[in-house]
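Can you read through this structure? Questions will come right after.
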Amino acid sequence: MAAQATVSSRRDAKRNRERLVSAARELFASAGVDVSVREVARHAGVGVGTLYRHFPAREDLVDAVLEGAFEDLVASAEAALAEPDPWSGFTGFVEDALASHARNRGLKEVVETQMHGRERAAAMRRRIRPLVARLVARAQEHGSLRPDFTPQDVALLFWASDRVIELGGEVAPEIWRRHLGFVFDGLRSSAATPLAQPPLTEAQLRRVGAARRKAS
């Protein structure tokens, strides 16, 4: 009986933690990261004491939400690499990542304004970078993605689309998909024309990204 009670207790604890992370993710996305922990607990259907047992500090809860979001992104990239059509894999990953970003605007504030979130984001980028490079290489080997596109250019694509998401807001929350359609047409190898500028180097990309976060 004692063993069964222990197993049941662990299951309850795991279920409560999952509820809290899910609730925090929803609230961060809709109301921003300043939502109170009491509201997170209420939304999860548990007491505040339960929340603090799992997440003694607010930053621990933020980290858990970020970790879940980033794991979803990695899973999306891995699924895209398994897609038989390399072009569909590449474009599907980009669209999926932007859809996730559009749903979770509150997380941008964490990643770009809090050092704790930035560290988690940096770790995520180290994991996702080789997967994105493989997606780009596969699509180019397939002959569908223009040969002068580089993994560093994916960041430019995200930055531009992020601005469209931001401007569309609640007035036109899906307008970024139209913009992305134009971008994808321009990325096809059949539409490629010589470009006036070379791609960013890794060092330049880091500097531009840092300046962008500082300006946010």
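The values are calculated or read from the model by the stated rules, or taken from the named source; none is laboratory data. None of these values were measured; they are calculated from a predicted model. For neighbour counting, all protein chains shown are included, and Cβ atoms are generated from backbone atoms with ideal geometry for every residue, glycine included. With ligands, DNA and RNA removed, areas are computed over all heavy atoms of the protein, side chains included. Shrake-Rupley method; radii C 1.70, N 1.55, O 1.52, S 1.80 Å.
I need the calculated FRET efficiency for the pair E67 and T193, taking r as the beta carbon distance and R₀ as 30 Å, to the nearest 0.05.
Given R0 = 30 Å and the Cβ-Cβ separation, E is 0.10.
Could I ask something else about it? Over the chain, what percent of the accessible surface lies on carbon and sulfur atoms, probe 1.4 Å?
C and S fraction of accessible area: 54 percent.
Provide the FRET efficiency to the nearest 0.05 for the E83-R212 pair, computing r from the beta carbons and using R0 = 41 Å.
0.85
List the residues of the stretch 45-61 whose backbone N lies under 16 Å from a point placed 7 Å from the Cα of E18 along the Cα-to-Cβ direction.
Within reach of a label on E18, which here means backbone N under 16 Å from a point 7 Å along Cα→Cβ, the stretch 45-61 contributes 45-46.
Taking R0 as 30 Å, what's the FRET efficiency between A31 and F158 from their Cβ-Cβ distance, rounded to 0.05?
E between A31 and F158, to the nearest 0.05, is 0.80.
If you don't mind, there's one more thing I want to ask. When the chain is treated as a GNM, springs tying every alpha-carbon pair under 10 Å, which of I175, I165, I128 comes out with the largest mean-square fluctuation?
Evaluated over the chain, the most mobile residue of the options is I175.
Next question. So which GluC sites (Glu not before Pro) in the stretch 120-216 pass both tests, a DSSP loop state and at most 10 other Cβ atoms within 10 Å of the Cβ?
E170, E174
Can you check what the net charge comes to around W87, using other residues whose Cβ is under 10 Å from the Cβ of W87 (Lys, Arg +1; Asp, Glu -1)?
It works out to a net charge of 0.
Another question, if that's okay. For the chain, with every protein chain kept in place, what is the accessible area per residue (1.4 Å probe, Å²)?
With all protein chains present, the chain gives 57 Å² per residue.
Calculated from the structure, Kirkwood radius over Cα pairs in Å equals which of (i) 19.2; (ii) 17.2; (iii) 18.2?
Given (i) 19.2; (ii) 17.2; (iii) 18.2, the calculated one carries the label (i).
While we're on this one: Among Q140, Q204, Q152, whose mean-square fluctuation peaks in a Gaussian network model of the chain (Cα, cutoff 10 Å)?
Comparing Q140, Q204, Q152 in a Gaussian network model of the chain, the most mobile one is Q204.
Additional query: Calculate for the chain the 222 nm mean residue ellipticity that helices alone would give, adding -39,500 (n - 2.57) per DSSP H run of length 4 or more and normalising by residue count, nearest 500 deg cm²/dmol.
-26000 deg cm²/dmol
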